[in-house]
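Working notes, beginning with the structure itself.
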Amino acid sequence: MSWIMAESQVYRRRVIVKAEHGLHIRPCTLLAQAATKFDSRIRLGNGAKQANAKSVWDLLELAAGPGAELDLEVDGPDAPDALEHLAALFDSDFGVSASVSTTPSGDS
Amino acid sequence: MKLCEFVAAEAVIPDLQADSKEAAIRAMVASLAKAGCITPQDEEGIVSAILKREELGSTGIGNGVAVPHTKHPSVEKLIATVALSRHGVDFASLDGEPVYILFLLVSPPSRPGDHLRALESISRHLRNQSFCKFLRQSTTAAAVMELLKEADNNELP
């Protein structure tokens, strides 16, 4: 990790879980894979629960249901880009809806 | 949610012989059917739905663990089984490693919250290295269930 905490600004945004079934394995996987591409430290908060957004395991433990409002917090060298990219993933519902609608019993 | 609330003891496979993702899923669903958790008529439909879900992206989430799952209207409550593979199964996992511990979940479409809570519980316990180590050392279904109970009661180191 190359960022220096003292010099980095923290970027925050409130994001909403649109996924019909909440933050289950697929959105968690897509989110972690996307977050890992950035050097910044990326945290996601669900109330008191905090997750490292680069870890599927951490994200699953948020147990964020549909409609949950989460706090996305990014700091590091590519923080603005990371924030925009990840917030857009939430906005687009991770592109999951389209896939799920073609597999009615196959879920998430 | 406690693991023992949704893992069917009679369907646990302590020594899974399957050497492919599909064979592993088939064996686990068959075990649920044999244990009476699902009807034999629904077996193929559930296998197909789980395989279809895997096509969207592997549920092998790393650390030798996979959580294949589907929603299916034939179940009234969330049910699951556990399988342990000695040699590992290629699951196209996120970290590219074989999986040794599999939790297979079938949940009713009407209860998405239960599915999330079960995932949270599985994830939380499987991060515990002691739990994973003891689980992989278990050789009987009874030992697996005993361990799940200990995990539920936070009795593990």
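Read the figures in this text as sums done on the coordinates, not as results from a lab. Computed from a predicted model, the values in this text were never measured in an experiment. All Cβ positions, glycine included, derive from the backbone under ideal geometry; neighbour counts span all protein chains shown.
Applying 1/(1 + (r/R0)^6) with R0 = 35 Å to the Cβ-Cβ distance of B:A143 and A:D81, what FRET efficiency is obtained, to the nearest 0.05?
The formula returns an efficiency of 0.10 here.
Could you name the lysines whose alpha carbon sits less than 28 Å from that of B:K77, not counting residues in the same chain fewer than 8 places away?
In chain and number order, the partners are A:K18, A:K49, B:K2, B:K21, B:K34, B:K52, B:K149.
Measure of size requested: the Rg and Dmax of the protein assembly as shown, with Cα atoms as the atom set and Å as the unit; please supply both.
Looking at the protein assembly as shown, its Cα Rg and Dmax stand at 18.5, 62 Å.
If you bin the C-alpha pair distances of the range B:94-157 every 10 Å from 0, what whole percents do you get?
For the range B:94-157, the pair-distance distribution reads 18, 48, 30, 4.
Identify the residues of the range B:80-94 with backbone N under 19 Å of a label point that sits 7 angstrom from the Cα of A:Q33 along the Cα-to-Cβ direction, or state none.
Counting only backbone N, you get B:90-94.
Which value results when the Cα radius of gyration for the range B:3-153 is divided by 2.2 N^0.38 Å?
0.93
Do the sum for chain B: with -39,500 (n - 2.57) for every DSSP H run of n ≥ 4, divided by all residues, what is the mean residue ellipticity at 222 nm, to the nearest 500 deg cm²/dmol?
Computed mean residue ellipticity for chain B: -14000 deg cm²/dmol.
Any idea what the relative contact order of chain B is, in percent, if you count C-alpha pairs under 8 Å spaced at least 6 apart?
Relative contact order of chain B: 28 percent.
Determine which residues of the range B:138-157 fall in the zone a paramagnetic label at B:E97 would reach in this model, i.e. backbone nitrogen under 18 Å from the point 7 Å along Cα→Cβ.
Flagged as within label range: B:138.
Within 10 Å of each candidate Cβ there may be at most 15 other Cβ atoms; applying that plus a DSSP loop requirement, which GluC sites (Glu not before Pro) in the range B:73-157 survive?
B:E76, B:E155
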